[in-house]
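Beneath this line is the structure, given in structure tokens, with notes to follow.
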Amino acid sequence: MNKFKILLQSTGRSFFAVVLLFLALFFSSISFLDAFTPDVLAQAVKEGESAASGVELPQFEAGSQPAAPLQASEGEAAAGAGTTTAAAEEEEVGPVQYRPFFGMDSRVVVWIVSELHLMFAAFVLGVPIFAVIVEIVGYKGGDVKYDKMAKEFTKLLSAAFATTASLGGLLGFCLFGLYPEFMGHMTNVFAPTMYVYALMFFGEAFTLYGYYYSWEILKGTAAKKWFHITLGVLLNLFGTGLMFLTNSWATYMMSPAGIVPSTGKLVSLYHAIYNPLWMPVNIHRLIANVCFGGFVVGAYAAVKFLGAKTEEERAHYDWMGYVGNFVGVGALIPLPFAGYWLGREVYSSSPVMGNIMMGGAFSWTFIIQAILIGMLFIGANYYLWLGMGRIKGSERYTKFIKYLIFVIFMCFAVWLTPHNLPLSGEERAMIGEQYHPFSKYFGVMAAKNAVVNLIILATFFSFLIYRRSNKGDTIPFSEQGKAGKIGIFSALIFCLLMLVSYAISLNFVELEANIKVFVKPLIGALYIQSFFVCLAAFLTFKNKGKLGQAILFAVTACIAVLYFWYYGFQVMQKANLVLRYLSVTQVAIVMSCLIMNAIIDVFIFRKAKLVGGIVWGKMPVRSQYALILLCVVIVILMGLMGFIRSGLRMDWHIYGVLQDTSQWAYTPTLAYMGRIVGLIVALFLGLVAFVFWLANLGDKKEKEKVKDYEYESKPEGIAAGYTDTH
Amino acid sequence: MAKKRSAFLMIWVILAVICLFMFLKYASPKVFQMLMAKSHPMPTPSTLMMWYMIMGVLAGLVYATTSNQKFADFLSFLLPSRGPIIKSLLQKLLFVSFPVLVGWFVYSWSIPGAASPVELRIQHPTLPQEFEKLENPFREKDADTQRKSIEEGKILFQTYCRPCHGSKADGNGPFANSFRLRPINFQDPGTIATVVDNYLFWRIKEGAPGLPSESTPWDSAMPSWKDDLKDDEIWMIIMGEYDTAGVMPRQREKLE
């Protein structure tokens, strides 16, 4: 308790100072925010350039000729030394648009630094989300090993945090130094948010270090532990807030809003932040960060497992790797939905950018993306299947693995088939058409959406058989007590609300009559799914939960995969506006199946007899290499997607508003992109390995101390026994 | 009995991979010929063949290594043992055929030959900036004007586009067979239904010469119509073309 008081006293003063600083800045920025209400936007747009409110920005002319880069003006100045005129002097002191980086390509420098910063940031933002959840699970369940693992996650976090901050600083300097005009525009628009960002960074730093260093101090009583958990929650809030702010800057560059496009005049900061792509990117990154963190932690555990010297250590890191993979897969399942939403909003904000993305210059990068995502699903499933080997009783379910492999690889084949194939002249002549049937029917989004949903269902099925492996005879659902009934009923209500409310809302979408008829089958599909969700719940109450699950799986696959594959083609032909509703319907139907079947599974196998238990540590070495592969793949994927998101702007700093007139304003070739992304991946993995090694240096010292102490203070036999078991 | 079956796991995996190869190489071209009522088979492109085969081999290896027992069974086929005579024969066959197969691959890759290069074609090249903000003037007009523009557009389409793209806009015009790369079938949902009106305006106006190099303009016989057709006529052709093909253009969506 005394330690707790000391901690409060020592943090109290600094906390008070930060609050004061925050309030001062908040009130100073109020004057800005007053002018950024939506009403002002309409008025200001109407008034155009003569708008009284808003911040005056530099005038930009789309398509203007490239300005001479600094090195050219410097060269000219040197050549003309001795005959310096007033005009030359004026040129020298004029505004600088771009600067080179020690003669290097500025864009590559910014590309590498920002990607490295983003990767570390993804780890730092993703890991605390599940670290806090693991801590809560450990505390509520009374299992110390969860607490130990959550602390180990946080240890990695605190080591990576300083690197993230350093890279962030470097990125800021690079941007302001190398792209002064562009950053001038960004500062004019986003200056108030930059102060908030800095303050939130303080918040994150304090809560992160507070969370980590107070771990042992805040143990013992419930109040202390909950205070510690609250610190973790605050850490997540600050981190998420930081990410949302920076996302507004990045997405503004893709879909600028809140300004007068012709002049670049700011009229609404609110709209500049809440631009069309802001929320889709927020959601996509939030989920992707958790996925990224999970797989990186999994690889860390795999490396530790491979180097483990004792059974206990091996068991601990096997379990940690399992949790990392579980978190990664858990986040990977909704990620395609979030990605599809983002893609659709890109099309909505600019159909041209959408076409560049999926059919144009970036279409081949999406084939690479498809391969990487396929590898993630296969790797994660493979790890789960290998994990069944450590569970006695899993033999009952291993027969399903071959079917799952068939389904997942078939889906993967469709998933990566491009619409436009690389063909030789002879092949073109032999096919005699624009598209081979494989690419015609597998290469479009209707097919991709169908198979990705089937991969998700198959992965979920893998997880179900994994968790059932250790479960034997079940007790009837009617004997599960109130908890079971409430659980199933709650899941049913949630699923019905999701399905029925969306079906009702589809009746009121504003579309032309000839297009609206394409919405009716979606409404029908939602009601059919609602019926089968109810049936699954009903069968569970009648002690036939497994049958209910099977029926729900089958119906979901029929509707969301088979029917929507066919119907997607119809909609593409006649009513592309309905694609938006079709994809949401597809997601809602698959999600309802996942939620309902997961809850049913929890309750029908509750209190089931354990068959034999899980032997942690009994994993083949190749499973650990699968975990390392998953980490490498997700890092490559993040590098690739970062390139796509940023590159879609083509030769615009801010799409349609501020053109990139530098000599580097070209879209890199795939080979060049591959080399740079490869370099970034190697740098990140090298840095992260170094940072984790640093984080473990202290532990090694501690362990050695404990070992020496034990050896000196105990008889030889006991010391030997201690070291053997630890 | 179970042990006997598992001892042949490697052979089962190899057989599955061979079946996949036979399907892609021989069965699927015939199946597509029948399904699509073509006069010629539809051979699987070499790129897809390679990708699908890699996945087939990968799937087999994943299956063979999902448990320690399976992995041991898989590898055990290569070890000498006193198994049935068939196993001994298959072992010998494997030891001979594998190097032969590798040798055949090396030979077929390195033998000099003439073939046109495989092209990485971009389907929807980037729309030039000057076409990006254009709007079809007939889309926002009243129903009567729209109907008239569609009718006029259909006549223009039949006059200028039908010889290659066909009277039904299905890519089967009278000249279609004379091109190495056939004219596009606009009824296919993956073509004009996926782009906005002004994209077509660009393609009709500038034709193949206006395509960037990554879209292999040398693979397209589309002429440039900017010297023959007025802008309004091109917009009307677009109206008529969508109607003839029975598809709708990608529409700009309201942002939520």
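Please treat every number below as a calculation from the coordinates, not as lab data. Not measured: the values here are computed from a predicted model. Neighbour counts run over all protein chains shown; Cβ positions are idealised from the backbone, glycine included.
Quick look at the numbers
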item	result
Exercise: per-residue mean of other protein chain Cβ atoms within 10 Å, A:385-395	2
Packing-based order for A:376-387, A:394-405, using average beta carbon neighbours within 10 Å, highest first	A:376-387, A:394-405
Residues of the range A:589-603 with amide N under 16 Å of the 7 Å Cα→Cβ point at residue A:490	A:595-603
Test item: Cα-centred dipole of the protein assembly as shown, Lys/Arg +1 and Asp/Glu -1 on Cβ, debye	5700
Unit charges at the beta carbon, dipole of the range A:98-275: most positive-side option, A:137, A:261, A:100	A:137
Cα-based helix-to-principal-axis angle, B:85-110 vs chain B, degrees rounded to 10	40
For peptides A:142-154, A:99-111, A:559-571, sequence by mean Cβ density within 10 Å, most packed first	A:559-571, A:142-154, A:99-111
Spacing of the two label points (7 Å from each Cα toward its C-beta) at residue B:36 and residue B:61, in nm	3.2
Top of B:118, B:57, B:195 by mean-square fluctuation, Gaussian network on chain B, Cα under 10 Å	B:57
Most mobile listed residue (B:123, B:69, B:146) in chain B, GNM with C-alpha springs under 10 Å	B:69
For residues of A:437-450, the mean tally of beta carbons on other chains within 10 Å	3
Where labels lie 7 Å past Cα in the beta-carbon direction, separation of residue A:514 and residue B:159 in nm	2.4
Shape category assigned to the protein assembly as shown from the gyration tensor of Cα positions, a/c cut at 1.5	oblate
At R0 = 30 Å, FRET efficiency that the Cβ-Cβ distance of residue A:217 and residue A:166 yields, to 0.05	0.60
Partner chain coverage, peptide B:37-43 - average Cβ within 10 angstrom	3
About the Cα centre, charge dipole magnitude for the range B:138-215 (Lys/Arg +1, Asp/Glu -1 at Cβ), debye	240
Contact order relative to length of the range A:274-430, as percent, for alpha carbon pairs under 8 angstrom and 6 or more apart	21
Paramagnetic label zone (point 7 Å from Cα along Cα-to-C-beta, residue B:115; backbone N under 16 Å) in the range A:417-458	A:422-431
Given charges at beta-carbon only (K, R positive; D, E negative), |dipole| of the range B:102-157 in Debye	200
Leading residue at positive end of dipole, the range B:129-245 (Cβ point charges), from B:175, B:204, B:134	B:175
